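So the structure is just underneath, and the comments pick up after that.
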Amino acid sequence: MARREYVSRHGNLPIDQNLVVTSLTLRLGLFSGVDKGLLKRAFQVALHDFHCYWPSTPETQQAECDGVYFSPTTQLIIEQVSASIYCRECGSHYPVSQQSFQRHYLSCPNNHRHITQLISGDEMLLINMQMHPESASTCISEAFKNNNTQEGNSHV
Amino acid sequence: MCETCGCSLPTDNKKSLDIDADQNHAVIKKIMSSNDKTAEHNRHKLNKHGIFCINIMSSPGGGKTKLLEASIAELKKLYRIAVIEGDLETENDAERIRAQGVEAIQITTGSACHLDAHHVHQALHQLNLDTLDLIFIENVGNLVCPAAFDLGQHANIALLSVTEGDDKPLKYPVMFQKIHGLVISKIELLDYFDDFNMERALDNFRKLANQSPVWPLSAKTGRGMEAWLDWLVDQRTERKMLLNPQLETSE
């Protein structure tokens with residue numbers, strides 16, 4: 001997917017070039033069911049494991065990564081968006097933030113007996129990838145390939 | 001060496017990490033797209049065979065298996081039924097279902113706390129879909145994660161047992177927002193758990209902008225089961241007509 005996006009924007013990507021991802025931006029709705037803090041921590045764990053084990057273990061040696069690598073400093077930016085409801089009785093839309101949810105939940109802020117419906121808020125989207133090509137021979141992946149045979153696994 | 005900050009990288013590589021506007025690639029990609037695609041595939045497959053499929057979710061011990069046992073006892077006169085059972089370990093639930101004389105596929109998820117569309121896809125391959133009308137998926141007992149995964153079902157049902165308290169919907173809003181029907185189970189225990197207020201439970205559920213039907217019932221005594229079973233039959237008939245209008249009119 002990363003390669004396809006890159007090519008669609010820059011025309012082509014020579015075969016001897018890898019792509020290095022340096023930042024990802026996600027958009028999460030209030031009702032996505034995803035916790036921002038936990039996801040950030042999980043991402044750090046995944047990034048750590050990617051650099052620690054990906055190129056060096058026998059199981060991953062053969063695995064395809066399609067020439068796409070994550071920089072060790074890859075940032076995960078999370079944009080949280082509020083939800084919105086429609087009140088059939090008022091005939092209008094209302095935004096629902098974390099604070100207003102704690103007060104009214106998804107009921108109408110004017111009258112909690114009104115019949116409402118959830119319009120948006122369950123988004124879970126990848127909206128931006130920051131990446132650049134690097135020659136496969138000097139690629140960042142080579143830099144950690146030799147260094148990370150250690151078994152250190154700080155998060156376990 | 002520090003793996004996360006990149007401090008041990010050769011300087012050449014470090015330079016190339018400089019942020020450059022040209023490196024931004026705006027995309028809109030659903031993070032759950034891999035699961036959603038398989039879920040759509042499952043739904044298509046079920047539709048093709050005219051099968052109505054329901055995903056049942058609740059806390060551990062909410063009464064899912066008991067509700068299924070009681071429902072199957074009634075519905076097996078009308079429909080050919082199979083159940084897909086999700087549990088971390090054991091075949092116990094599948095065996096309880098098999099004792100009802102219907103096929104059950106047990107998925108043991110190991111450490112995963114929910115079923116995803118790929119699990120269900122594998123289970124569907126083990127069933128002979130030509131010989132079925134109705135499939136129940138009994139999800140892993142959990143009110144959090146199962147809410148995030150589309151399995152390819154036609155309706156989501158959650159159970160709230162009276163022993164859990166009437167504020168459960170507000171504690172797990174993502175789950176209770178998404179469901180198409182709420183079973184309030186174990187009402188035979190209402191006399192002993194008098195702090196459970198049915199009206200308050202309903203009110204809390206409606207605060208989540210969910211107008212779906214609610215069935216207070218006891219799978220043990222059979223009280224209230226009729227409304228739930230009627231809904232299932234109606235939904236199944238409606239679905240069947242939607243998928244194959246000619247067939248229904250000629251029946």
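So which residues in the stretch B:77-114 are free of Cβ contacts under 8 Å to residues at least 12 places away in the same chain and basic (Lys, Arg), if there are any at all? Across the stretch B:77-114, the qualifying residues are B:77, B:98.
Report yes if residue B:143 is touching a residue at least 24 places away in the same chain (Cβ under 8 Å) and within 14 Å of chain A (Cβ to nearest Cβ), otherwise no. Show your work before the answer.
On the way: touching a residue at least 24 places away in the same chain (Cβ under 8 Å): yes; within 14 Å of chain A (Cβ to nearest Cβ): yes.
So residue B:143 passes the test.
Yes or no: the stretch B:121-137 includes at least one residue that is more than 14 Å from chain A (Cβ to nearest Cβ) and at positive phi.
Going through the stretch B:121-137, the residues more than 14 Å from chain A (Cβ to nearest Cβ) turn out to be B:121-137.
With at positive phi added as a condition, the list becomes none.
No, there is no match, as no residue in the stretch B:121-137 is more than 14 Å from chain A (Cβ to nearest Cβ) and at positive phi.
Please verify whether residue B:36 is modelled with pLDDT of 95 or more and either at the interface with chain A (Cβ under 9 Å from one of its Cβ atoms) or assigned to a helix (DSSP H, G or I) (or both), treating the condition exactly as stated.
yes
Cβ-Cβ distances below 6 Å connect the following pairs, each with a first residue in the stretch A:102-128 that is within 8 Å of chain B (Cβ to nearest Cβ) and at pLDDT 95 or above, a second residue that is surrounded by fewer than 16 Cβ atoms within 10 Å (Cβ to Cβ) and assigned to a loop (DSSP other than H, G, I, E, B), and a separation of six or more residues or different chains: A:115/A:88. Across the stretch A:35-49, the qualifying residues are those that are within 9 Å of chain B (Cβ to nearest Cβ) and surrounded by 17 or more Cβ atoms within 10 Å (Cβ to Cβ), and the one among them that is nearest to residue B:146 (Cα to Cα) is A:47.
For the stretch B:156-163, the count of residues that are farther than 30 Å from residue B:50 by Cα, buried (at least 21 other Cβ atoms within 10 Å of the Cβ) and either in contact (Cβ under 8 Å) with a residue 40 or more places away in the chain or more than 12 Å from every other protein chain (Cβ to nearest Cβ) (or both) is nonzero. May I ask you to list pairs of residues, at least six apart or on different chains, whose Cβ atoms are under 6 Å apart, with the first in the stretch B:209-235 being at pLDDT 95 or above and the second being of a type in the set (Ser, Thr, Tyr)? Filtered contacts from the stretch B:209-235: B:209/A:116.
The combined condition, being modelled with pLDDT of 95 or more and either in a loop (DSSP other than H, G, I, E, B) or within 14 Å of chain A (Cβ to nearest Cβ) (or both), is fulfilled by residue B:100.
Restricting attention to the stretch A:47-69 and to residues that are under 16 Å from residue A:18 (Cα atoms) and small (Gly, Ala, Ser), the residue that is modelled with the lowest pLDDT turns out to be A:63. So which residues in the stretch B:182-195 are in a loop (DSSP other than H, G, I, E, B) and surrounded by fewer than 22 Cβ atoms within 10 Å (Cβ to Cβ), if there are any at all? Answer for the stretch B:182-195, where residues must be in a loop (DSSP other than H, G, I, E, B) and surrounded by fewer than 22 Cβ atoms within 10 Å (Cβ to Cβ): B:190, B:191, B:192, B:193, B:194, B:195.
If I ask for residues that are within 12 Å of residue B:134 (Cβ to Cβ), under 19 Å from the mean Cα position of the chain (by Cα) and of a type in the set (A, V, I, L, M, F, W, C), which ones from the stretch B:58-105 would you list? Hits for the stretch B:58-105 are B:68, B:72, B:81, B:82, B:83, B:84. Scanning the stretch B:173-208 for residues that are farther than 11 Å from residue B:160 by Cβ and touching a residue at least 40 places away in the same chain (Cβ under 8 Å) gives a single hit, B:181.
The values are calculated or read from the model by the stated rules, or taken from the named source; none is laboratory data. From a predicted model like this one, the values you see are computed outputs, not experimental measurements. Ideal geometry is used to build each Cβ from the backbone, glycine not excepted, and the neighbour counts take in all protein chains shown.
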